[in-house]
Amino acid sequence: MPAVLRARATAAAAVLAVAFGGVALPATAASAATHRAPVGHVGSVSIGQRALAEAARHLGAPYVFGSAGPRTFDCSGLIQYAFAQVGVSLPRSSGDQYAAVRHIATADRQPGDLIFFRLGGGGVDHVGIYAGNNQIVVAPKSGDHVRYQTLWTSAYSVGRVG
């Protein structure tokens, strides 16, 4: 298996480990290879956690404005694509996604929840999916790629699908 695909697969496995037992996620796909899933069954997996695992499968995919996968993404395209792969239809733009989900307190965020930002000072214009350990999986900007990113601000809203 090529190194890029191996890194994506191990990162997705680390995301699933979070869903099944709260293992802290690594900061990069490379460090994901050292994490092991916990032994035993500890409960069911939410739609958001399944979408998170799908988003993590695309770590390293290039950012392309207006793209919704499967090989390139912008921020809301990644979210729309990941949820579609687990059977949930979401609108295309981050603002419309914000309007379509249930809003929850930031203190109640869980892996798989959506993190919405108002970077331009107006309405919602950026989104990522919470991965635990104060990180999101996101397609951040032109010239970048799908990656883990540490939450850099407390000025965000949280939404939950389902």
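Just a few scattered comments:
- Normalising the average separation of contacting C-alpha pairs (under 8 angstrom, six or more residues apart) by the number of residues puts the relative contact order of segment 72-162 at 32 percent.
- Sorting the segments 83-89, 47-53 by their residues' average number of neighbouring beta-carbon atoms within 10 angstrom, most packed first, yields 47-53, 83-89.
- For segment 41-162, the Kirkwood estimate of hydrodynamic radius, built from reciprocal distances between every pair of different alpha carbons, is 13.9 Å.
- Three-way shape label, segment 102-162, alpha-carbon gyration tensor, a/c 1.5: oblate
- Per residue, segment 81-128 exposes 47 Å² of accessible surface when a 1.4 Å probe is rolled over the protein heavy atoms with every protein chain present.
- Cα gyration tensor shape for segment 88-132, rounded if a/c is under 1.5, else prolate or oblate: oblate
The values are calculated or read from the model by the stated rules, or taken from the named source; none is laboratory data. None of these values were measured; they are calculated from a predicted model. Glycine also receives a Cβ, built like all others from the backbone with ideal geometry; neighbour counts cover every protein chain displayed. Please note that ligands, DNA and RNA were not included when accessible areas were found on the heavy atoms of the full protein model with its side chains. Shrake-Rupley method; radii C 1.70, N 1.55, O 1.52, S 1.80 Å.
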